[in-house]
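The values are calculated or read from the model by the stated rules, or taken from the named source; none is laboratory data. These numbers come from a predicted model, not from an experiment. Methodologically, a virtual Cβ is constructed for each residue, glycine included, from the backbone with ideal geometry; neighbour enumeration extends over all protein chains shown. We work out accessible area using only protein heavy atoms, side chains counted, and drop any ligands, DNA or RNA first. Shrake-Rupley method; radii C 1.70, N 1.55, O 1.52, S 1.80 Å.
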Amino acid sequence: MKLGIIKEVFKNVFTKPMTVLFPFEKIEIPERNRGEHSFDIDTCISCGACARICPNLAIEMIDAPQELKKKYPKTYPQIDIGKCCFCALCQDVCPKGSIKLTTNVFLATFDKDDTVRSPMSWNK
Amino acid sequence: MTKIKEHNVNSDFAMNFGPAHPGSGNFAIKVEMRGERVLKATADPGYLHRGFEKMMEYREPMQNAVMSDRVCVLEPLQWNLVHAEAVDYLMGYEIPDRAKHIRVILAELSRIQSHFIWYAVLSLGTGFMTGFNVAIGYRDYILDVLNLITGGRVYPAGYICPGGVRKDFPEKAENKILELLPKIDYMRKFMLKENPAWLARFKDVGILTKREAIKFGATGPVLRGSGVASDVRRDDPYEIYDELEFEIPVMDEGDAYARFNVGMQEIEESMKIITQAIDRIPKGEVKTPNLKPTVKFQQAKGEIYIRNELSRGEGAFYMVATGQKTPYRVKIRGPSFTHMIPIVEHLLTDVDYADVPAIYWSLYQCPADVDR
Ligand code: SF4
Ligand code: SF4
């Protein structure tokens, strides 16, 4: 019993730790990870399916700003990441694949208004 | 109660164990003490009540699948599965074979990581921080694989959804799971090491006899630790469990150590199930044909009570469909409910206060599913 513990201690002295030295080292995030959304306004057909399925009502269909009204005459999804539970139902339901959830998980902000992503903000 | 007051001595007092106590996990127990001795305990549930049953009556099945994760934070995939089975039955979905295998593999992985947490909280409750750290560290390996498959580490967001699973396994997922098994086995042996301090804290503590276990409605490892061989996977098989070979660990002692030991032996059985399921997993579809995120629940009519063996015991969904877009009524049976109210009150009578965390956590509870 006692020898077993000593063996364990020695083994652990020479093995790598379980944790990594973040932010210098990062664990790779799988492609399927449900993180921040990406949105492509040019493929969106304004069907509103994403807004209807969102269980948290995090998506609101809004108009484009006045200066872009000509190019984007319909309504487009504005996503509030603060309300989102990252279920990816919007991604699954979107007929055009305009909304996708990405591997970006660093979403903390200092200002609570920063959580709202307007449909134009992805095209900057 | 009155009796205690009559014989009031100077050292009598009452206090709360939880709900914001680091060792109680969002659940409160009011304990009446005489010195270091607990005379009586009264469970005080409700701190974590989120009203899922009502919320589900206002949401569509896919949205409910996402919400079913939250019923118990520590075993979300298994709750996904019970919910999905209820909707499958009402909608009459035929689940493809591959999806059934994937469901079982993930449910068992979820069971293993939940058992790791059990060991972690037992260690935490009794001051063995090393055990806590190691268990949480090893659980992380499982979470990495769950992230690869479901896209979320803890919350799969309804990965096991009505009609199958939301996505097929990614490439090499099977290999990743098989690579996990030696790590799980190492951790299992670590947890089962006969540690004198561990034995002193858990042996002959919180004894629940066979009769009492049945009387109070215990299920899962708590019931099996008291000598009753009952397991929904064997008694009322679902998915592919009837085609797999595994054993039901049972111990007769009924103390905290027996309950924990049953849980640890279950890890081995779960590993067997995973290996068999991966061996047999067929190719093909993972969803019923034409399944959309907007399930046409208007077509469903009738009611169903469906039960599964979760890590903590028997978890069930009762669902009524009346031809509306959303269920008419949802009732969730959480396995921890009976463990945390009648059983904890029974076991915490006339015990040392130092034994409270050991008994409390040995009942393998999840406050989230008591309060729902
Ligand atoms: S991921 Fe889910 S909660 Fe978030 S915006 Fe999409 S549908 Fe809504
Ligand atoms: S993002 Fe997709 S689902 Fe949402 S409105 Fe555009 S096309 Fe429709």
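Are any residues in the stretch A:36-60 part of a helix (DSSP H, G or I) and either more than 22 Å from A:ASN104 (Cα to Cα) or open to solvent by 60 Å² or more (accessible area, probe 1.4 Å) (or both), and if so, which ones? Matches in the stretch A:36-60: A:ALA49, A:ARG52, A:ILE53. A:LYS74 meets each of the listed conditions (1) within 13 Å of ligand 2 (Cβ to nearest atom); (2) within 14 Å of another protein chain (Cβ to nearest Cβ) apart from (2). Considering the stretch B:325-344 alone, what residues qualify as being open to solvent by 10 Å² or more (accessible area, probe 1.4 Å), closer than 20 Å to B:GLY18 by Cα and out of contact with any Ser or Thr (no Cβ under 8 Å at 6 or more places or on another chain)? Passing the criteria: B:PHE337, B:ILE341, B:PRO342. All conditions in (1) modelled with pLDDT of 85 or more; (2) open to solvent by 10 Å² or more (accessible area, probe 1.4 Å); (3) assigned to a loop (DSSP other than H, G, I, E, B) hold for B:ARG312, with the sole exception of (2).
When the stretch A:47-78 is filtered for residues that are more than 10 Å from ligand 1 (Cβ to nearest atom) and over 16 Å from A:SER98 (Cβ atoms), the ones remaining, listed by number, are A:ASP63, A:PRO65, A:GLN66, A:GLU67, A:LEU68, A:LYS69, A:LYS70, A:PRO73. Every listed requirement among (1) within 16 Å of ligand 1 (Cβ to nearest atom); (2) in contact with a helix residue (DSSP H, G or I) (Cβ under 6 Å, 6 or more places away or on another chain) is met by A:ASP40 save one, (2).
Say we look at the stretch B:317-342 and pick out the residues that are among the aliphatic types (A, V, I, L, M) and touching a helix residue (DSSP H, G or I) at 6+ places or on another chain (Cβ under 7 Å); which of these is modelled with the lowest pLDDT? Of everything passing the filter in the stretch B:317-342, B:MET340 is modelled with the lowest pLDDT.
Give the stretch A:104-124 a look and list any residue that's hydrophobic (A, V, I, L, M, F, W, C), under 28 Å from B:TYR159 (Cβ atoms) and free of Cβ contacts under 8 Å to residues at least 60 places away in the same chain, or say none.
Of everything in the stretch A:104-124, those that are hydrophobic (A, V, I, L, M, F, W, C), under 28 Å from B:TYR159 (Cβ atoms) and free of Cβ contacts under 8 Å to residues at least 60 places away in the same chain turn out to be A:PHE106, A:ALA108, A:VAL116.
Determine whether B:ALA173 is within 19 Å of A:GLU31 (Cβ to Cβ) and either without any contact (Cβ under 8 Å) to a residue 12 or more places away in the chain or touching a Cys at 6+ places or on another chain (Cβ under 6 Å) (or both). When the stated conditions are applied, B:ALA173 does not pass them. Against the conditions (1) open to solvent by less than 40 Å² (accessible area, probe 1.4 Å); (2) part of a loop (DSSP other than H, G, I, E, B); (3) within 16 Å of ligand 1 (Cβ to nearest atom), A:ARG32 satisfies every one except (1). Just so you know, in the stretch B:64-73 the residues that are in a helix (DSSP H, G or I) and surrounded by fewer than 24 Cβ atoms within 10 Å (Cβ to Cβ) include one that is farthest from the other protein chains (Cβ to nearest Cβ), and it is B:ARG70. Could you tell me whether A:LEU101 is in contact (Cβ under 8 Å) with a residue 12 or more places away in the chain, within 14 Å of another protein chain (Cβ to nearest Cβ) and open to solvent by less than 30 Å² (accessible area, probe 1.4 Å)? Yes: the conditions hold for A:LEU101.
Residues in the stretch B:200-216 include none that are in contact with a Pro (Cβ under 7 Å, 6 or more places away or on another chain), within 14 Å of chain A (Cβ to nearest Cβ) and surrounded by 14 or more Cβ atoms within 10 Å (Cβ to Cβ).
B:GLY284 meets the conditions (1) under 30 Å from B:PRO182 (Cβ atoms); (2) under 24 Å from the mean Cα position of the chain (by Cα); (3) open to solvent by 20 Å² or more (accessible area, probe 1.4 Å) in every case but one. The failed one is (2).
Annotation note: of B:LEU77, B:LEU109, the sole residue that is away from every other protein chain (no Cβ under 11 Å), of a type outside the set (Lys, Arg) and in contact with a Lys or Arg (Cβ under 9 Å, 6 or more places away or on another chain) is B:LEU77. In this entry, B:VAL165 is excluded by the filter for residues that are open to solvent by less than 60 Å² (accessible area, probe 1.4 Å) and within 25 Å of B:LEU122 (Cβ to Cβ). Scanning the stretch B:122-140 for residues that are assigned to a helix (DSSP H, G or I), open to solvent by 10 Å² or more (accessible area, probe 1.4 Å) and more than 30 Å from A:PRO55 (Cβ to Cβ) yields B:LEU124, B:GLY125, B:MET129, B:THR130, B:PHE132, B:ASN133, B:VAL134, B:GLY137, B:TYR138.
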